[in-house]
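Have a look at the structure below before the remarks.
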Amino acid sequence: MPTYQLTINSNKVTVEADPDTPLLWILRDHLGLTGTKYSCGVGICGSCTVHYNGNAVRACSFPIANVEEGEILTIEGISEKNSTALRAAWKALDVPQCGYCHSGQIMSATALLAKNPKPSKAEINTAMSGNICRCGTYSRIQRAIELAANNLDG
Amino acid sequence: MKKELDRRTFIKLTGTASGALLVGTHIWSCKDEKLPAEQYEFSPLIKIDSEGWITLIAKNPEIGQGIKTSLPMILAEELGADWNKVKVEQADFDEKYEEQWAGGSFAIILNWDLMRTAAAKARQVLIEVASKRLNKPINELIARNSRIEHPQSGEGIPFAELLQEASKLSAPEEVEFKSVDSYEIIGKKTPQVDMDELLNGKAIFGLDVQVPDMCYATVLKNPVHNGGVGKFDGAAARSVSGVLDVVELNNQEYGGRLIGPNSPNFVNGIAVIANNTWAAFKAAKLLNVKWDNSTSRRENTEQIFQRFHQQLADTTIERSDGNTERAIRNATTTFEAIYELPFLAHVPMEPMNCTVDFRTDHCEVWAPTQNPKALEEGLIRLFKLSPEQITIHLPRIGGAFGRRYYVDYAMDAAILSKKMGRPVKLCWTREEDIKHDWYRPASVHKMVAGLDGEGKVTAWKHVLANASRKTSLGREGNPAGTEIDEYEFPAGFVPNLQLEYGHVLSDVPLGQWRAVGHSATAFSALCFLDELAVLNQADPIAYFLDFLGEPRMVPVVDDYEYDASRLIAVVEKVRDNSNWGSSLPKGWGRGFAASKHSGSFVAEVVTVAVDTNEKIRVVSVDAVVDCGIVVNPSGAAAQVEGGILEGLCAALYGEITIKDGVSEQSNFNDYRWMRMEESPEIKVEFIANELPPRGLGEPPLPPAAPALANAIFAATGRRIRKLPINKPALP
Ligand code: FES
Ligand code: FES
């Protein structure tokens, strides 16, 4: 079985896995990083969102063989100012219900603010449209992103 | 005032708290853990240590309804605890906790007195000790901020300093609850106790459980409903690297399709066990199976609905007030409409999973379940275990909505762990989740009304035909398992009322969905009332209020009545909040619906915009709720927002269709859920009162779909009598 060198949350790790193994299962089963969630497995719900070189990607549809040189960040590893502001806003508005989708929601929102520090409502909707929340926390997520953006601005 | 007979000394010294600090989930970590603190247990639910930290046990499964926060809030309130020095620990399943399940919006209803009694006892003992110490009469002392205080003199003693002496006292004979107007924790917006862990990926959901030496598994179930096992060739699956075993799951070897009233057994299929989830998923796709489907009816949706329609003519009367047939014959006007509702799936975000470590004499389970009791019963039945041989841990759950009331997936995992002789984490794929759900029953409703010369309803008939979830789940003693019960609205409001049920047998697996049967009956009744209003050229809210009549106690059945004024109040309030009647842009419309469920009253106004391409956009929803005392306004509003969104999603898109015995949908591409850009603004207001708190998980859902359908009528003049709305196009 081939081995792969990865940089995850600034740590260098080596894993042995089949080339088609999605990054999601490398994180969860091989490395015990269970913050990244499985829900649809086919790239349409956003629960498994991680950052790959700063871009939000769906880990369930990202085979390890395609993870070349690059930095992977997961919910356990993000700590820059955008994610801090977003978490504070999430807490202030008591956003999660079951909470299962929110690792992915926060990863998508962090990637959004990195590219667009002052997103409009429409831009928030577009950036977040790949993340399903079954419990119905959408309007709180929208408000939390706006709140975080405002706080970062001020 | 509640009589309490137990006079034993009820406070136990449980050892040092530093040990306790290592288990469970902490909201605030104790910074100063150098000195081991002594910890006293006041009840299984309350522990206080000599450093002032209070540990409260969250006993019910947390499925996203916020119960892990709200039940401890009730304890903390009644105890007089400082919420900032409270730690919350999730309990395992244990008989001693009573009522340890999630479903039917019952958790707060059933635990309100239980929580308050446990905490009031502890508070009273602490007050008793403080009274002696301060030399003040008991009735002048109060508990606040984890102290017993004497407001007149300003003196006080922290709980921590009273523990040792308190532990020598016996439980108070009677408890007196705090008055509602002195509440400081209940009624305050409080973020979930697991908030930090939810935001940094550390919260442990069922699927995140890790046990040493565990392996991973998935299943491929016979896609045909009520199908048998098959002949399979597992060679290709076994050749996938990492695969450990391929195992047949045959429920005939374990009690058959059902394992008790309301308890479906696991579904026939094949499991793959591997070193990691991905290997199991990949191998399951390579299974070559020839299923034995001789037991299945191989149904199709069209055919099922045809049978429902036919069955409308052959029913049992479930309730009859006055003489409905005669009143309809004598009515000035009669009106009739038929509504059709589809099968619906639950699709919780976290797919079905369970981790089991089944050793020869003990079975340890980490189960995302709403119903740990059913899980225990299932293990006892399937494996002839005694309760002492079973440990059930309750991790957080990524949504349940009724799906996790059934423990079929946990039975899968137990069988596999027993077979492997080591811990197994079973994870179903999303596809298996959707194809092997216990669906909300589809149904057909024939509504008939008789009206007098003034347009007032004098007779009401609701005839429901479907395949019953009760029969599907083998509920004992009620073979035809009616899906319309005698409590159904508008029982008590119309002099001549008849409720009828026509039962059809089917293989489609059926179960509880949010608000259970009310999700369908309320749609029919509340759309029908809107139609009657329009027929009478009346304003729908005015017509509805007229229909309810005077504020009074409404006798629903012999031993049950409710206060119509509470329903009237939420309706009037939502009318005002939504600017009902004010003008809207062209193509827009407002719709209204209101109902009572689980003791709570909810009224909703939905505003929609329908563009020239018939694309429907839900613009906003106004909701007014009377659920009695609101324990946590933040979590409560979340339940209302979630229930409304679920009702709207299902009405717009939700549908499971069956072809040749197989559910056709399989993932979020064909079982659609609303995305952020589609989600409306939802404004929620609670009626403030001091009545005991009632259910909130379900009550906001039933009015959402009829309010939406009524809004579409207001916008377009077209009536929705069949759900989902968006398929294929507007009628
Ligand atoms: S699990 Fe990856 S997008 Fe759904
Ligand atoms: S909070 Fe439950 S899925 Fe989003």
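The values are calculated or read from the model by the stated rules, or taken from the named source; none is laboratory data. These numbers were taken from a predicted model, which means no experiment stands behind them. Cβ sites come from the backbone with ideal geometry, for glycine too, and all protein chains shown count toward neighbours. Keep in mind that these areas ignore ligands, DNA and RNA; they rest on the heavy atoms of the full protein, side chains included. Shrake-Rupley method; radii C 1.70, N 1.55, O 1.52, S 1.80 Å.
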For this session: Check whether at least one residue in region B:700-709 is away from ligand 2 (no atom under 16 Å from the Cβ), within 11 Å of chain A (Cβ to nearest Cβ) and not in a loop (DSSP other than H, G, I, E, B), and report yes or no.
Result: yes
Problem set entry | Hits in region B:225-252 (condition: surrounded by fewer than 19 Cβ atoms within 10 Å (Cβ to Cβ), more than 14 Å from every other protein chain (Cβ to nearest Cβ) and over 30 Å from B:Ile304 (Cβ atoms)) | B:Asp233, B:Ala235, B:Ala236, B:Arg238, B:Asp245
Exercise. Is region A:65-81 home to any residue that is out of contact with any Phe, Trp or Tyr (no Cβ under 8 Å at 6 or more places or on another chain), within 16 Å of ligand 2 (Cβ to nearest atom) and in a loop (DSSP other than H, G, I, E, B)?
Worked result: yes
For this session: Would you please name the residue that is least open to solvent (accessible area, probe 1.4 Å), looking only at residues in region A:65-77 that are more than 15 Å from ligand 1 (Cβ to nearest atom) and within 9 Å of chain B (Cβ to nearest Cβ)?
Result: A:Gly77
Problem set entry | Filtered residue count, region B:404-427, keeping only those that are surrounded by fewer than 24 Cβ atoms within 10 Å (Cβ to Cβ) and not in a helix (DSSP H, G or I) | 3
For this session: Check B:Glu184 against each of (1) open to solvent by less than 20 Å² (accessible area, probe 1.4 Å); (2) touching a residue at least 12 places away in the same chain (Cβ under 8 Å) and name the one condition it does not meet.
Result: (1)
For this session: Identify the residue in region A:132-154 that is in a helix (DSSP H, G or I) and within 16 Å of ligand 2 (Cβ to nearest atom) and, among all such residues, is surrounded by the fewest Cβ atoms within 10 Å (Cβ to Cβ).
Result: A:Arg143
Problem set entry | Qualifying positions in region A:41-57 - more than 9 Å from every other protein chain (Cβ to nearest Cβ) and away from ligand 2 (no atom under 16 Å from the Cβ) | A:Gly43, A:Val50, A:His51, A:Tyr52, A:Asn53, A:Gly54, A:Asn55, A:Ala56, A:Val57
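So, in region B:303-321, exactly how many residues are open to solvent by 60 Å² or more (accessible area, probe 1.4 Å) and either among the hydroxyl-bearing types (Ser, Thr, Tyr) or in a loop (DSSP other than H, G, I, E, B) (or both)?
So the count comes out to 4.
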Problem set entry | Test: A:Ser129 is open to solvent by 10 Å² or more (accessible area, probe 1.4 Å), within 17 Å of the chain's Cα centre (by Cα) and not assigned by TED's automatic domain parsing to the domain that holds A:Ala59 | yes
Problem set entry | Selection count, region B:195-217, where residues are more than 7 Å from chain A (Cβ to nearest Cβ), part of a loop (DSSP other than H, G, I, E, B) and either open to solvent by less than 20 Å² (accessible area, probe 1.4 Å) or β-branched (Val, Ile, Thr) (or both) | 3
Problem set entry | Subset of region B:646-701 [open to solvent by 40 Å² or more (accessible area, probe 1.4 Å), within 16 Å of ligand 1 (Cβ to nearest atom) and within 30 Å of B:Lys573 (Cα to Cα)] | B:Arg675
Seminar exercise, completed: Subset of region A:114-154, residues among the charged types (D, E, K, R) and closer than 20 Å to B:Pro700 by Cβ, comes to A:Arg134, A:Arg140, A:Arg143
Problem set entry | Residue among B:Glu550, B:Glu531 that alone is surrounded by fewer than 16 Cβ atoms within 10 Å (Cβ to Cβ) and within 27 Å of B:Thr334 (Cα to Cα) | B:Glu550
Seminar exercise, completed: Per the list (1) within 29 Å of the chain's Cα centre (by Cα); (2) over 30 Å from B:Gln512 (Cα atoms), residue check on B:Phe343 breaks on (2)
For this session: Could you run through region A:14-64 and say how many residues are away from ligand 1 (no atom under 13 Å from the Cβ), under 23 Å from A:Met1 (Cα atoms), in a loop (DSSP other than H, G, I, E, B) and of a type outside the set (Gly, Ala, Ser)?
Result: 6
Exercise. With respect to the numbered conditions (1) in contact (Cβ under 8 Å) with a residue 12 or more places away in the chain; (2) within 16 Å of ligand 2 (Cβ to nearest atom), which one is the sole condition not fulfilled by A:Lys91?
Worked result: (1)
Exercise. Are any of the residues in region B:396-407 away from ligand 1 (no atom under 16 Å from the Cβ) and more than 27 Å from A:Cys40 (Cα to Cα)?
Worked result: no
Exercise. For B:Glu62, which of the numbered conditions (1) outside any loop (DSSP other than H, G, I, E, B); (2) closer than 28 Å to B:Ser519 by Cα fails to hold?
Worked result: (1)
For this session: From B:Thr334, B:Thr295, grab the single residue that is surrounded by fewer than 21 Cβ atoms within 10 Å (Cβ to Cβ) and assigned to a strand (DSSP E or B).
Result: B:Thr334
Seminar exercise, completed: Counted residues in region B:661-679 being more than 7 Å from chain A (Cβ to nearest Cβ), within 16 Å of ligand 2 (Cβ to nearest atom) and either assigned to a loop (DSSP other than H, G, I, E, B) or of a type in the set (Ser, Thr, Tyr) (or both) come to 3
Seminar exercise, completed: Counting only residues in region A:92-117 that are within 9 Å of chain B (Cβ to nearest Cβ) and in a helix (DSSP H, G or I), the one surrounded by the fewest Cβ atoms within 10 Å (Cβ to Cβ) is identified as A:Ala92
Exercise. Do we find that B:Ile270 is hydrophobic (A, V, I, L, M, F, W, C), at pLDDT 95 or above and assigned by TED's automatic domain parsing to the domain that holds B:Val356 in this structure?
Worked result: yes
Exercise. Only one of these conditions is not met by A:Gly35: (1) open to solvent by 40 Å² or more (accessible area, probe 1.4 Å); (2) touching a residue at least 24 places away in the same chain (Cβ under 8 Å). Which number is it?
Worked result: (1)
Problem set entry | Every residue from region B:633-658 that is more than 12 Å from chain A (Cβ to nearest Cβ) and acidic (Asp, Glu) | B:Glu655
Problem set entry | Scan of region A:118-131 for residues that are in a helix (DSSP H, G or I) and either more than 16 Å from ligand 1 (Cβ to nearest atom) or farther than 23 Å from B:Lys683 by Cα (or both), ordered by number | A:Lys121, A:Ala122, A:Glu123, A:Ile124, A:Asn125, A:Thr126, A:Ala127
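What helices (runs of 4 or more DSSP H) lie completely within region B:488-600 and have 2 or more residues being touching a residue at least 60 places away in the same chain (Cβ under 8 Å) and polar (S, T, N, Q)?
Once the helices (runs of 4 or more DSSP H) in region B:488-600 are filtered for at least 2 residues that are touching a residue at least 60 places away in the same chain (Cβ under 8 Å) and polar (S, T, N, Q), what remains is B:518-535.
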Seminar exercise, completed: Only one of (1) without any contact (Cβ under 8 Å) to a residue 12 or more places away in the chain; (2) outside any helix (DSSP H, G or I) does not apply to B:Ala623, and that is (1)
For this session: Could you pull out the residue among A:Ala85, A:Ala89 that is open to solvent by less than 10 Å² (accessible area, probe 1.4 Å), of a type in the set (Gly, Ala, Ser), away from ligand 1 (no atom under 13 Å from the Cβ) and over 13 Å from the mean Cα position of the chain (by Cα)?
Result: A:Ala89
